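Bear in mind that the values in this text are calculations on the coordinates, not laboratory data. Predicted, not measured: the structure shown is a model, and the values here were computed from it. Every residue, glycine among them, receives a Cβ derived from its backbone with ideal geometry; neighbour counts consider all protein chains shown.
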């Protein structure tokens, strides 16, 4: 069991070439309110023991009621991770009081490379948001999500720039292979990043599930393997998937067990009518579907 992953909107002010859109390819109108998200979380917490919530999008800070959503979930003891592109973060610094951690997408520290990847001119706003958040919350966990594409943003020069930035502002570095490259041989990209990190002096200190953890001059670094890389090499793919995958909740009120599977389960009626038992049954159904019909395993 991992987190509930609330895709609160599909709107975004970037157009990143690597975006996977959380696997939701068809636009959905935002049908869930802050109260609805609280009901879903409370049901999942009471029936299944969920504690963590990841709020993502699109860009979640574009949603007009995002403050209400986050504050209400936190009031119910949810441990909240916000995933954001950072461009609007400077306007929502106070939300840090309600977050366990924040993940900020940052493709590159070179403006030109960043602009080409995101089709945006808001680079300085992102950097401003990172610096301001750190200033206001010196001990809060900030992870920079670096979607890692060899020959674009992954080379020794760029890695050194990220390490310098991380040391200066006390942020974690999280290197993530593009979801589309799950079709490559297992760990193809992560092994390349590993070699580069070792080459600049980082030390591998721990491996856990699909993650590798490194340290260099008090800088904390993480490489995330695509979950499908691990699934394809584990003895019991379905069991691993059920234990380590998030359950996605789409903006239109559907459960989506897998990013790569188009299957969904509508929960809109159960949520709007506060049918906790029926919602619980569908959450259980979604958990059982994890690992089924995987286009990467069963092909």
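Points worth noting:
- Length gained on full extension, residue 277 to residue 121, computed as 0.36 nm times the residue gap minus the Cα-Cα distance: 51.4 nm.
- The calculated FRET efficiency for the pair residue 192 and residue 33, based on their C-beta separation and a Förster distance of 45 Å, comes to about 0.55.
- The rule of thumb for compact globular proteins, 2.2 N^0.38 Å, goes into the C-alpha radius of gyration of the stretch 70-114 1.38 times.
- Spin-label model distance (nm) - residue 128 vs residue 17, 7 Å beyond Cα toward Cβ: 2.8 nm
- Between helix 156-169 and the chain: long-axis angle, C-alpha atoms, 0 to 90°, nearest 10: 70 degrees
- Taking 0.36 nm per residue of separation and subtracting the current Cα-Cα distance, fully stretching the chain between residue 160 and residue 25 would add 45.1 nm.
- Among beta bridges that DSSP assigns inside the chain, antiparallel share in %, nearest 5: 35 percent
- Kirkwood Rh, angstrom, the stretch 12-107 [1 / mean 1/r, Cα pairs]: 14.2 Å
- When the inverse distances between all different Cα atoms of the stretch 4-289 are averaged and flipped, the Kirkwood radius reads 19.7 angstrom.
- Working from label points 7 Å from Cα in the Cα-to-Cβ sense, the residue 113 to residue 79 distance is 3.3 nm.
- Whole-percent pair-distance distribution, where bins are 5 Å wide, for the alpha carbons of the stretch 120-169: 4, 16, 23, 26, 19, 8, 2, 0
- Contour minus Cα-Cα distance for residue 141 and residue 260 (0.36 nm per residue): 39.9 nm
- Per residue of the chain, the DSSP helices (runs of n ≥ 4 H) give a summed -39500 (n - 2.57) that works out to -10500 deg cm²/dmol at 222 nm.
- Cα-Cα P(r), the stretch 90-235, percent of pairs per 10 Å interval: 11, 40, 35, 13, 1
- Hydrodynamic radius of the stretch 88-145 per Kirkwood, over alpha carbon pairs, in Å: 11.9 Å
- Sorted largest first, the principal axis extents computed over the alpha-carbon atoms of the stretch 18-57 equal 35, 21, 13 Å.
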